[in-house]
Amino acid sequence: MGAYVNADGMSNEEWLSKNGKRLHSVSRGDFDFRDKLPVCLVDNIVFQAAGIAFDEKEFDVFNNNNDNRPKKWFLVDKELLKTVSPELSRYLGDG
C-alpha cells in the first residue's frame, strides 16, 4: 500500500504547498532518497492522495506513464514527512 501524507486540519495539497517544493518535472535520477523525498499528489476525483516515493521502486509506481490521473510532484524533507506519515519509518527501515 505504501506511505501517504495524512495532513491534519488542511488538505494534503495545502500541506505540501506549505512544507514542500513544487516540482514541475520529475525523473528517477533527480532524487537520492536521503534527506528529501518526492511526494506525488494524485487526483482521484473524489479525493487527493499524497503518495510518498521513499525509494526508486515507489517512485516508478507513482510515475507510471499509463496512469492518466492528474498529478503534482513535491520535494519534502524526510523528517517532516514522518510527522504526517507514521508508517513511513517502517518503509525506511528505521521504525
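The values are calculated or read from the model by the stated rules, or taken from the named source; none is laboratory data. Here the structure is a predicted model, which means the values were calculated and not measured. Every residue, glycine as well, gets a Cβ built from its backbone with ideal geometry; the counts of neighbours run over all protein chains shown.
Looking at Val61, Val26, Val39 in this structure, which one is in contact (Cβ under 8 Å) with a residue 40 or more places away in the chain, surrounded by 12 or more Cβ atoms within 10 Å (Cβ to Cβ), out of contact with any Pro (no Cβ under 7 Å at 6 or more places or on another chain) and not in a helix (DSSP H, G or I)? Going through Val61, Val26, Val39 in turn, just one is in contact (Cβ under 8 Å) with a residue 40 or more places away in the chain, surrounded by 12 or more Cβ atoms within 10 Å (Cβ to Cβ), out of contact with any Pro (no Cβ under 7 Å at 6 or more places or on another chain) and not in a helix (DSSP H, G or I): Val39. Between Leu16, Leu75, the distinction of being within 12 Å of Tyr4 (Cβ to Cβ) and within 11 Å of the chain's Cα centre (by Cα) belongs to Leu16 only. Of the listed requirements (1) within 21 Å of Ser17 (Cβ to Cβ); (2) surrounded by fewer than 17 Cβ atoms within 10 Å (Cβ to Cβ); (3) not aliphatic (A, V, I, L, M), Gly93 misses just one: (1). Inclusion of Val76 among residues that are out of contact with any Leu (no Cβ under 7 Å at 6 or more places or on another chain), among the hydrophobic types (A, V, I, L, M, F, W, C), outside any loop (DSSP other than H, G, I, E, B) and crowded, with 17+ Cβ neighbours inside 10 Å is not warranted.
Just one of the listed residues (Ser25, Ser17) is modelled with pLDDT under 95 and not aliphatic (A, V, I, L, M), and it is Ser25. For the stretch 79-89, residues that are in contact with a strand residue (DSSP E or B) (Cβ under 8 Å, 6 or more places away or on another chain) and either crowded, with 17+ Cβ neighbours inside 10 Å or assigned to a helix (DSSP H, G or I) (or both) total 3. In the stretch 28-47, the qualifying residues are those that are of a type in the set (Lys, Arg) and at pLDDT below 95, and the one that is farthest from Leu92 (Cα to Cα) is Arg28.
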